[in-house]
Amino acid sequence: MIVQLKDGSKIEFDNKKSVLDIANGISEGLARMACCALVNGEVVDLRKEIDEDVELSIFTFNDEEGKKAFRHTASHVLAQAVKRLYPNTKLAIGPAIDNGFYYDFDREEAFTEEELNAIEKEMKKIVKEGLEIERFELPRKEAITLMSEMGEDYKVELIKDLPEDSKISFYKQGEFLDLCAGPHLMNTKAVKAFKLLSVAGAYWRGNENNKMLSRIYATAFAKKADQEAYLQMLEEAKKRDHRKLGKELELFALLDEGPGFPFFLPKGSILKNTLVDYWRDVHRKAGYMEISTPIILNKELWLRSGHWAHYKDNMYTTIIDEADFAVKPMNCPGSLLVYKTKQHSYRDLPIRMGELGLVHRHEMSGALHGLMRVRNFTQDDAHIYMLPEQIKDEIKGVIELIDQIYSVFGYKYKMELSTRPENSMGSDEDWDKATTALKEALDEKGLSYVVNEGDGAFYGPKIDFHLEDCLGRTWQCGTIQLDFQMPERFEIDYVGKDGEKHRPVMIHRVAFGSIERFIGILIEHFAGAFPTWISPVQVKILPISEKYHDYAHKVREKLNDANIRVELDERAEKIGYKIREARMERVPYLLVVGQSEEEQGTVSVRSRAKGDEGVSSIDDFVIKIKDEINKKLIIEREVEEN
RNA sequence: GCUGGUAUAACUCAGUGGUAGAGUACUACAUUGGUAAUGUAGAAGUCAUGGGUUCAAAUCCCAUUAUCAGCUCCA
């Protein structure tokens, strides 16, 4: 027989052989690492004997599939332990995830920390028992009967959703049995390193109308060292958390008096304003103009825009002189009103109209998260009004602009295309046109993206840009939304070549998304050590002693004159102490001044990236730092933190 | 909004029913210094809020608020 491997190579065997034997024949290492296998695309046990020509894929702990099998086996061990300790618990689902797995259970009480410890102990026992894991299949009907007898209602529901004629696979280890597509390891003893991390609630099938189950999250790795490295990484990530750094670096505050309404402190305001300055610069060059529209507008406007019907639950409303008003959750209606203040010609289009608009949205209390998810935030919004034939070029232009902005910060991002949701307005034809336009723009630029069916805005499909936080959770920042609805609802028009009135097409777009969220990402991305151009304090002058304060003032004046954000530490502390504090504040440049500097008119430069850089003339230092600021350089750190 | 945690000084946290604690920061005084923490002293808390149990509550119970993890949501 001939066995073709996943890399395309072929091996010939004389006799019947098990998958494991074949692996061993290829290399001892492979056999040792073997996790699971596919024969002709079907999941098989490594013990399966092969006696005919097949395509064979053997997965090891280094493959994604292998890791999945490994973690999935660990999740079965968890379920087995829970069933042993708490037999009345019902099983839902327990998939492998990045770095680990979870299992959802239905139980009267939630698991306590002690119970979690007991479960972990029981899991270790099961691993030690070295139970063989076996796969078997049943026809659908018998599978349902089996699961009903065992009282596993959730499993019954899962099986009932599978096709009538399907064979249902199960995995068995010792007394434990679970519905499962596999694949799995051959024996529980291979589950080397795992740790139960947390308990959380999760709705059955992710639907909030269903019962809430108890989910146990855990990590699992084939090597103990990998697990330790992962747990270490989680600890490190916590140090970058923007909520922690925001407090330590005095950037922003979230106070009980305003849940979800962030306060920007002086240093955070500098950061925010610097981003805004940059934004204005880039947008002016890209042909945008800027407007500013009111925060509160009357109900009629929101009825007209469709927000009252589609978004009212998330809007803050008020009554002024007995009439209903709402605080804007979006800027577009204001922009449309501005468009309507004058008549436009086709010669004016495209019109790119930007607004740094403060919007308010009543997010659910459980959804709030630092600066990432707040109830009021500034959108770097812009609306582009254009001719239908300008759509694709405008979308491409926006994609380039967003890429340009993200590149300045060294961000990597993912793009997603979201299509028509259920609760939406407009005709199928318009939605098709709009979706196709977005898709074509992406494809013509050769960009890769994920499609999210039904995830669009209620007025149009969108392209989203997602950035990662310190824990790898992604947050939508930039978005480009095509809209045929609002121009219709607001009856905006332009005069065409033919002298007749026509309806323009509209794009809504943001680059930062929300400046607040963008700052959150920024803090975590740089762990608070911002590039010099956005650092709230760019230079801190540290006099050796009081005797050199006069000279320090002179240095400060020179830097101030050069528009460098400078602070002077005049406290009667030792130089080591001042350096330590300034380092913890992540100030990019420290200038130590004492007797020799005063005599020679120099400064001793200590940079965040390189440490002690030696003596420099004041002018040379100013030239160098101005260059770094103007070029918006990101300088990688060479000095280790403790 | 849901499930489960958490809430003590400006910050980080100890304190399991009997007088409110530490480190850092802050203030004062001394020290005038050379690249990550000078010393001494002082001030600082309605123990989130509101109820309840108890002779007695930071501590036990209930509710509320905020916050954390996850779920749901995210136009």
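Where a number appears in this text, it was derived from the coordinates with a stated rule and is not lab data. Computed from a predicted structure; not experimentally measured. Cβ atoms come from the backbone with ideal geometry, glycine included; neighbour counts cover every protein chain shown.
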Set A:Lys396/A:Lys631; A:Lys285/A:Lys328; A:Lys223/A:Lys244; A:Lys267/A:Lys631 screened for pairs whose C-alpha atoms are more than 30 Å apart
A:Lys223/A:Lys244
Listed residues A:Gly397, A:Asn560, A:Ser427: farthest to the positive end of the dipole of chain A (Cβ charges):
A:Asn560
Mind pulling the angle between the C-alpha long axis of helix A:224-240 and the longest principal axis of chain A? Nearest 10 degrees, somewhere in 0 to 90.
30
Selection from A:Trp204, A:Ser9, A:Leu336, by position along the positive dipole direction of chain A (Cβ)
A:Leu336
Do any trypsin sites (Lys or Arg not before Pro) in the stretch A:12-97 lie in a loop, going by DSSP, with at most 11 other beta-carbon atoms within 10 Å of their beta carbon, and if so which?
A:Lys16
Helix A:575-584 axis, angle to chain A major axis (alpha carbon atoms, nearest 10°)
60
Return the Cα extents of chain A along principal axes one, two and three, sorted largest first, each rounded to a whole Å.
85, 76, 54
Tell me which GluC sites (Glu not before Pro) from the stretch A:1-104 have a DSSP coil assignment and no more than 11 other beta carbons within 10 Å of their own.
A:Glu52
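Relative contact order, percent, of chain A when contacts are C-alpha pairs under 8 Å separated by at least 6 residues? Intermediate results must be reported in sequence, preceding the final value.
On the way: 1166 pairs, mean separation 53.8, N = 642.
Once divided by the residue count of chain A, the mean separation gives 8 percent.
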Across the alpha-carbon set of the stretch A:2-60, Rg over Rh with Rh taken as the Kirkwood radius works out to 0.90
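Magnitude of the Cβ-charge dipole of the stretch A:142-199, K/R +1 and D/E -1, about the Cα centre, nearest 20 debye?
580
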The stretch A:539-642: antiparallel bridges as % of DSSP beta bridges, rounded to 5, reads 55
For the stretch A:86-155, run through the GluC sites (Glu not before Pro) and keep only the ones in DSSP coil with at most 14 other Cβ atoms within 10 Å of their Cβ.
A:Glu108, A:Glu109
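Which value results when the Cα radius of gyration for the stretch A:18-158 is divided by 2.2 N^0.38 Å? Walk me through the intermediate numbers first.
Details: Rg = 17.4 Å, N = 141, 2.2 N^0.38 = 14.4 Å.
Against the empirical 2.2 N^0.38 Å value, I get 1.21 for the stretch A:18-158.
Might you report the magnitude of the Cβ-based charge dipole of chain A about its Cα centre, with Lys and Arg at +1 and Asp and Glu at -1, to the nearest 20 debye? Please list the in-between numbers first.
Numbers: 91 positive and 112 negative charges, 220 e Å.
Roughly 1060 debye for chain A.
Write down the percent of antiparallel bridges among all DSSP beta bridges whose residues are both part of chain A, to the nearest 5. Please report the intermediate quantities before stating the final value.
Details: 101 of 119 bridges.
Here the antiparallel bridges make up roughly 85 percent for chain A.
Does the stretch A:269-315 classify as rounded, prolate or oblate by the C-alpha gyration tensor (a ≥ b ≥ c root eigenvalues; a/c under 1.5 gives rounded; else a/b over b/c gives prolate, otherwise oblate)? Walk me through the numbers on the way to the answer.
Details: a/c = 3.23, a/b = 2.16, b/c = 1.49.
Judged from the Cα gyration tensor, the stretch A:269-315 comes out prolate (a/c at least 1.5, a/b above b/c).
Given +1 on the Cβ of Lys and Arg, -1 on the Cβ of Asp and Glu, and no further charges, what dipole in debye does the stretch A:532-630 carry about its Cα centre, rounded to the nearest 20? Don't skip to the end; give the middle numbers.
On the way: 17 positive and 19 negative charges, 86 e Å.
Magnitude of the dipole: close to 420 debye.
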Just from its helices, what would the mean residue ellipticity at 222 nm be for chain A, if runs of 4 or more DSSP H residues each count -39500 (n - 2.57) and the sum is divided by every residue, rounded to the nearest 500 deg cm²/dmol?
-11000 deg cm²/dmol
Of the lysine pairs in the stretch A:19-141, how many meet both conditions: Cα atoms under 28 Å apart, and a spacing of 8 or more in sequence or different chains?
28
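Taking 26 Å as the cut-off for C-alpha to C-alpha distance, list the pairs among A:Lys342/A:Lys439; A:Lys412/A:Lys540; A:Lys238/A:Lys272 that go past it. It would help to have the intermediate numbers written out before the result.
Working: A:Lys342/A:Lys439 33 Å; A:Lys412/A:Lys540 31 Å; A:Lys238/A:Lys272 23 Å.
Violating the 26 Å Cα-Cα cut-off are A:Lys342/A:Lys439; A:Lys412/A:Lys540.
What number comes out for the charge environment of A:Leu401, summing +1 per Lys or Arg and -1 per Asp or Glu over other residues with Cβ under 14 Å away?
Working: positive: A:Arg280, A:Arg284, A:Lys285, A:Arg352, A:Lys396, A:Lys445, A:Arg509; negative: A:Asp281, A:Asp380, A:Asp381, A:Asp393, A:Glu394, A:Glu400, A:Asp403.
Every neighbour counted, the sum reads 0.
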